[in-house]
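Mind looking over this structure? Questions follow.
The values are calculated or read from the model by the stated rules, or taken from the named source; none is laboratory data. All of these numbers come straight from a predicted model, not from anything done at the bench. FYI the Cβ positions are ideal-geometry reconstructions off the backbone, even for glycines, and counts take in every protein chain you see.
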Amino acid sequence: MNESPTVFLVDDDPAVRDAVGLLLRAGGLTVEGFANAAEFLATDAVRRPGCLVLDVRMPEMSGLDLQKKLRNDGCPMPIIFMTGHGDVPMAIRAMKAGALDFIEKPFSGERLLTRVYEALAIDARDRCRQAQREAAATRLSRLSPREREVLDRVADGQYNKTIAAELDISISTVEIHRRRAMEKLEATSIADLIRTLALANDQAAR
């Protein structure tokens, strides 16, 4: 069963956490609040589905520093910044680092809700894509070295006769390896094969 997404709200001002949390919950969202970056990092939140609504200026670790740490750690969670002291350089830094938005307080509740819904949709899409990459890599790992050699050439558009000549094996052996490899990859067409290889290669490059 898939875990429901959560909006992780990090702000050192309890009044802001209460107000923004109330707004988000009224929009049908699950919210968990944290007073600072350390509290947030002490949980398993980074591994869970959701998004981060984050204050910029906080003691010890700022919102921008938390964003940098999460990206360095490979956490792709979408981030929406809130700030009462925003300036252009801060906004540029946050957006260049991948923030979804940089919202100045006081802000429109409708705008925040819209961006949070968008962030959750992005997170769900990215997690689905990652699951597909991992599944493709797992299927590819089932292939023997010879099956992989044959399949790579099939994906490149080579004919069985050409593959047989390159690998110095018979055409019937090529056909056997090809059939077994397609079965292991759960591919029913060349298009399926190419898609699976692309996903697996994308996973390996990460």
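Could you list all residues from the stretch 25-84 that are among the β-branched types (Val, Ile, Thr) and either outside the structural domain of Leu113 (by TED's automatic domain parsing) or free of Cβ contacts under 8 Å to residues at least 60 places away in the same chain (or both)? Lay out the reasoning, then the answer.
Narrowing the stretch 25-84 to residues among the β-branched types (Val, Ile, Thr): 30-31, 43, 46, 53, 56, 79-80, 83.
Within the stretch 25-84, Thr30, Val31, Thr43, Val46, Val56, Ile79, Ile80, Thr83 meet the criteria.
Condition check: under 30 Å from Arg47 (Cβ atoms), loosely packed, with under 14 Cβ neighbours inside 10 Å and touching a helix residue (DSSP H, G or I) at 6+ places or on another chain (Cβ under 9 Å). Does Arg129 satisfy that?
yes
Sticking with this structure for a sec: On the basis of being over 22 Å from Arg125 (Cα atoms) and at pLDDT below 95, does Arg57 make the cut?
Yes; evaluated as a whole, the condition is true for this residue.
On to the next question. Would you be able to tell me the number of residues in the stretch 54-94 that are out of contact with any strand residue (DSSP E or B) (no Cβ under 6 Å at 6 or more places or on another chain) and among the hydrophobic types (A, V, I, L, M, F, W, C)?
Residues in the stretch 54-94 being out of contact with any strand residue (DSSP E or B) (no Cβ under 6 Å at 6 or more places or on another chain) and among the hydrophobic types (A, V, I, L, M, F, W, C): 9 in total.
Right, something else. Tally up the residues in the stretch 37-63 that are out of contact with any helix residue (DSSP H, G or I) (no Cβ under 6 Å at 6 or more places or on another chain) and in a helix (DSSP H, G or I), please.
Qualifying residue count for the region: 8.
Just to be sure, is Thr188 part of a helix (DSSP H, G or I), in contact with a helix residue (DSSP H, G or I) (Cβ under 8 Å, 6 or more places away or on another chain), loosely packed, with under 15 Cβ neighbours inside 10 Å and polar (S, T, N, Q)?
Taking the combined requirement at face value, the residue does not satisfy it.
Would you check if there is a residue in the stretch 64-84 being under 17 Å from Leu23 (Cα atoms), within 21 Å of the chain's Cα centre (by Cα) and either among the hydroxyl-bearing types (Ser, Thr, Tyr) or part of a strand (DSSP E or B) (or both)?
Within the stretch 64-84 (the criterion being under 17 Å from Leu23 (Cα atoms), within 21 Å of the chain's Cα centre (by Cα) and either among the hydroxyl-bearing types (Ser, Thr, Tyr) or part of a strand (DSSP E or B) (or both)), the answer is yes, since at least one residue qualifies.
Only one of (1) under 25 Å from Arg48 (Cα atoms); (2) at pLDDT 95 or above; (3) outside the structural domain of Arg48 (by TED's automatic domain parsing) fails for Thr173. Which number is that?
Going through the list (1) under 25 Å from Arg48 (Cα atoms); (2) at pLDDT 95 or above; (3) outside the structural domain of Arg48 (by TED's automatic domain parsing), Thr173 breaks only (1).
Which count do you get for residues in the stretch 136-165 that are in a helix (DSSP H, G or I) and either surrounded by 13 or more Cβ atoms within 10 Å (Cβ to Cβ) or of a type in the set (Phe, Trp, Tyr) (or both)?
So the count comes out to 19.
Within the group Arg133, Arg125, which residue is part of a helix (DSSP H, G or I) and more than 15 Å from Ile194 (Cα to Cα)?
Arg125
Asp168: within 26 Å of the chain's Cα centre (by Cα) and exposed (fewer than 15 other Cβ atoms within 10 Å of the Cβ), yes or no?
Here the answer is no, as Asp168 does not meet what is asked.
Pick from Leu52, Leu22: which is aliphatic (A, V, I, L, M), out of contact with any Asp or Glu (no Cβ under 9 Å at 6 or more places or on another chain) and crowded, with 19+ Cβ neighbours inside 10 Å?
Only one candidate passes the filter, namely Leu52.
Just checking, does the stretch 86-96 include any residue being in contact with a Phe, Trp or Tyr (Cβ under 6 Å, 6 or more places away or on another chain), buried (at least 20 other Cβ atoms within 10 Å of the Cβ) and at pLDDT below 90?
Yes, the conditions are met somewhere in the stretch 86-96.
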